[in-house]
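Written below as structure tokens is the structure these notes are about.
Every read-out reported here was derived from the displayed coordinates using simple, explicitly stated rules and does not represent laboratory data. Please read all numbers here as calculations on a predicted model, not as lab measurements. Neighbour counts are summed over all protein chains in view; Cβ atoms, including those assigned to glycine, are modelled from backbone coordinates with ideal geometry.
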Amino acid sequence: MQDIRKDFPNLKEMNRGKPLVYLDSAATSLTPKKVINSELEYYEKFGGSIHRSVYELGEKATNAFENSRNNIAKFIGASKNSIIFTKSATESINLVAESWGFYNLKQGDVILLTDMEHHSNIIPWQIICKKTGAKIKYLKSTEKGSINLDDLKKSLDKNVKIVSITHASNVFGTINPIKEIIEIVKKNGSKTMIDGCQSIPHMKIDVQDLNCDFYAFSGHKMFGPTGVGVLYGKEEMLEKMHPYQTGGGIIETVSMTDSTWTTIPHRFEPGSPMAAQAIALSEAVNYLGKCFDNYDNSLNEYSLERMKSINGISIYGQAPERTPIISFNIEGVHSLDLAHFLDFEGITIRSGHHCCQPLMSALDISSCARASFYFYNNKDEVDFLIEKINKAISILK
Ligand SMILES: Cc1ncc(COP(=O)(O)O)c(C=O)c1O
């Protein structure tokens, strides 16, 4: 299985003079050579501004960009027109909040979130509340880091207009039972916005089957380049929405005083798009699809069991269905000190609030450490992590 490692040039790099042990893929995954080459190919062989140029180079770039949209659509079981390229999941969620929320929410309406949301799925809604008079309510996660479906049912009433929820938590690793959640929410007549940042890198997603209204994700967490994300939206929803950012490329007509919009998905992609990155994202989904078919991404159980052996450890989130993320604190050792210590051993982990300050408050902590694993990691790296954490404890405690 580990022949996959040769595809990642980064894995040959050193970190503080030590061989790199990369355990921060939930923040951003490493990039396979094929994806890097795809981006390079755009600059070497295509060029020209897409959707605007009549010359051959520009036409080639436009075709590659639109083929990428098509390929990504197929990857998640969507139609081509329901895929909008954004710069990130953050931008995708902002787009939903502004382009749907601003026009559809009013005083008295409720946006239901959970306490495990990333700031990217909280703040855009806070801003919309200020503009519309709507309110946010939070569903509290259980001790194991799960969503209780009975609690969800109790939180729903006619005022809840949208439920915006993460498919998988970037702190707990919990994979929420999103299909059941969407079914429950739909029965209430509310819309659903799913943050797929932490799920799409680990499982096959079919948005038709899920029946969500919106699904957002980022390229850089799923082997893709930085600077590109995706918003899937049901066509019938997108058709009724206004652009949230405006400029060139999204219009039908512009007069001195007003403008009309072009068709979807281009209506939501103002300005010159991130062509090289969007094209390379197509290569990333091809690569990810092959990983799903050929590799086991289950360091989950092994890493959790090994981590539990560490003295004084508190692990946050132990739901049965999880992505390979372990968030933890060790009694007497600050997570930031631990991350610095491991850095000098070549190990990269994350420490901080993980853009989840409301969840940190709910857990009554200010920060925690997080190790996250991906297809290119192996058991030896987990063992090395445990060895070095134990060394850190013996020195720092
Ligand atoms: C669950 C979740 N949502 C949203 C985001 C934001 O993604 P991006 O920074 O790529 O926009 C992240 C990134 O860490 C995340 O983990």
Original post:
Of Lys131/Lys158; Lys308/Lys388; Lys186/Lys234, which sit over 18 Å apart, Cα to Cα?
Top reply: Lys131/Lys158
Subject >> Relative contact order (%) - criterion: Cα under 8 Å, at least six apart; region: the chain >> reply: 23 percent
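If contacts are Cα pairs under 8 angstrom and at least 6 residues apart, what is the relative contact order of region 209-251 in percent?
32 percent
As a test of the formula, what do you get for the chain when each DSSP H run with n ≥ 4 contributes -39,500 (n - 2.57) and the sum is divided by the residue count, at 222 nm and rounded to the nearest 500 deg cm²/dmol?
Calculated at 222 nm, the ellipticity per residue is -10500 deg cm²/dmol.
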Original post:
Using the alpha-carbon centroid of each, what span in Å lies between region 117-183 and region 241-314?
Top reply: 20 Å
Original post:
Which distance in Å, rounded to a whole number, links the C-alpha centroids of region 328-375 and region 47-115?
Top reply: 32 Å
Original post:
Between Ser255 and Ser49, what is the FRET efficiency for a Förster distance of 25 Å, r being their Cβ-Cβ separation, to the nearest 0.05?
Top reply: 0.55
Original post:
Dipole size in debye (nearest 20) for the chain around its Cα centre, Lys and Arg Cβ +1, Asp and Glu Cβ -1?
Top reply: 460 debye
Original post:
Looking only at Trp100, Trp261, Trp125, which one moves most when the chain is put into a Gaussian network model with springs between Cα atoms under 10 Å?
Top reply: Trp261
**OP:** Quick one: among Asp150, Asp115, Asp343, which has the greatest mean-square fluctuation in a GNM of the chain with alpha-carbon springs under 10 angstrom?
**Re:** Asp150
Subject >> Of Lys34/Lys204; Lys12/Lys33; Lys135/Lys179, those spanning more than 18 Å from alpha-carbon to alpha-carbon >> reply: Lys34/Lys204; Lys135/Lys179
Subject >> Per DSSP, loop trypsin sites (Lys or Arg not before Pro) in region 218-312 with at most 16 further Cβ within 10 Å >> reply: Lys240
**OP:** Write down, largest first, the equivalent ellipsoid semi-axes of the chain in whole Å, where each equals the square root of 5 times an eigenvalue of the alpha-carbon gyration tensor.
**Re:** 36, 28, 17
